[in-house]
Amino acid sequence: MVEEQTFDIIIAGGGMVGAACALALIGQGLEIGVIEPRPPRTHWHADERDLRVSAINRASQRFLERLDVWETIRDLGVCPYREMRVWDALNGAEIHFDAQGLNEPDLGHIIENQIIQRALWESLSACEEIKLISPVSIIDLETEAQGIRLRLSDGCALRARLLIGADGRDSLIRSLSGIETQAWDYGQRAIIAHVQPTHWHRATAWQRFLPTGPLALLPLADGRCALVWSADEDYAAELMALDEARFNQALTDASESRLGALSLVSQRLAIPLRAHHARAYVRPGVALIGDAAHAIHPLAGQGVNLGFMDAAALAWAIQMGLQHGRDIAGLWTLRRYERARRGANLLMLQAMNLFKALFGNREPAIVQTRALGLGLAERLDPLKQLFMRQALGLDNEFA
């Protein structure tokens, strides 16, 4: 019989949030394992681009700096954006955000996911306190008096005092732990691609709210823009069926030619937009972070930022548990994490749902109200500064 290896903590999922959580836990004398079915690519051709990008805010940047991976990420390629322009397609109202209003160098960075993942994975691989278990999948879990026992796809079994589910929106850990979710379908798809604008993007994030869903053009370091066009299902299907020339024209028209003519320089992908929120983040011996705990609409680009703050908060709660002689897998420890994050994440979920419903409404009274609201926010600098501070995460206690 093969001896079963035992860890203090096993993290299911070595994506951006799971990998960051593992690095945040080092230095406390813990044996940590990370299980990942599909190890990320760490090398690619110079002209290869990842269609999936993240808008990393200041709170996440500081977290990645503490993990000693930010310099690597920056060297691999980031695009700071200093301004953001948001406008309404039905009433023309517009709001302009500028980092200078907060005396900040930027409003965040647009980064290809593969770059963040590579930097984190290389750091994990070099860390003696972390064992990477990949490529292998979890088949089942059993809760025992001493912790959690996992059965793996290669026939092996592992034990851990604490299991952290960082395995995405369709989390197996969440399901096997019996944690229910509140879920809803937005009835939209996000079309993602890279496009080349005629005019320079001016290190600015551009977002236009259309009745069928928001269109975002996010600046990239090479002068391209990452497109995230959220559209109602039927309209998304129509857009995906267009040939390249007609799609380029539809996109240019939808952006009101703010950056001139826009041309595809990549394939297009259409991703269904669904949201969920776990009814609990923790069970004895189990904690959920990132998309395993919550998934939101991409219109504000906050998904991975929420996940990174989950990772930071859980690492903090475990550190507090160790300092107070508490069980790292017990509810005294884990509920400190849940209290710190569940309410904040729920508030963001509700805000995104409100924005989606508000800007998708074509009723004349609502359209006029939006115009008044955007106009008022544009004129009130303190209100704009509050919005920017929230988006940057400047007041986040785990930043």
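Odds and ends about this structure:
- Across the chain, the relative contact order, built from alpha-carbon pairs under 8 Å that are at least six residues apart, equals 21 percent.
- Note: relative contact order over the range 54-176, using C-alpha pairs below 8 Å and six or more positions apart, is 18 percent.
- Over the chain: helical MRE at 222 nm, DSSP H runs n ≥ 4 each giving -39500 (n - 2.57), nearest 500: -11000 deg cm²/dmol
- Rg in Å to one decimal, and Dmax rounded to a whole Å, for the range 72-157 via C-alpha atoms: 22.3, 61
- With both residues required to sit in the range 1-128, DSSP beta bridges show an antiparallel share near 75%.
- With every protein chain in place, the chain: carbon and sulfur % of accessible area (1.4 Å): 49
- Computed over protein heavy atoms with a 1.4 Å probe, the accessible surface of the chain works out to 44 Å² per residue.
- Euclidean distance between Cα centres, the range 98-167 to the range 326-348, Å: 18
- DSSP beta bridges fully contained in the chain are about 70 percent antiparallel.
- Across the range 273-341, the mean sequence separation of Cα contacts (distance under 8 Å, 6 or more residues apart), normalised by length, yields a relative contact order of 33 percent.
- With 0.36 nm allotted per residue and the present C-alpha distance subtracted, the Ser137-Glu94 stretch has 10.7 nm of extension available.
- Cα long-axis angle, helix 364-379 against the chain (0 to 90 degrees, to the nearest 10): 80
- Solvent-accessible surface ranking, highest first, for Arg274, Arg169 at 1.4 angstrom: Arg274, Arg169
The values are calculated or read from the model by the stated rules, or taken from the named source; none is laboratory data. This is a predicted model, so every value here is computed, not measured. For the accessible areas, the whole protein counts, side chains as well, though only heavy atoms, and no ligand, DNA or RNA atoms are used. Shrake-Rupley method; radii C 1.70, N 1.55, O 1.52, S 1.80 Å.
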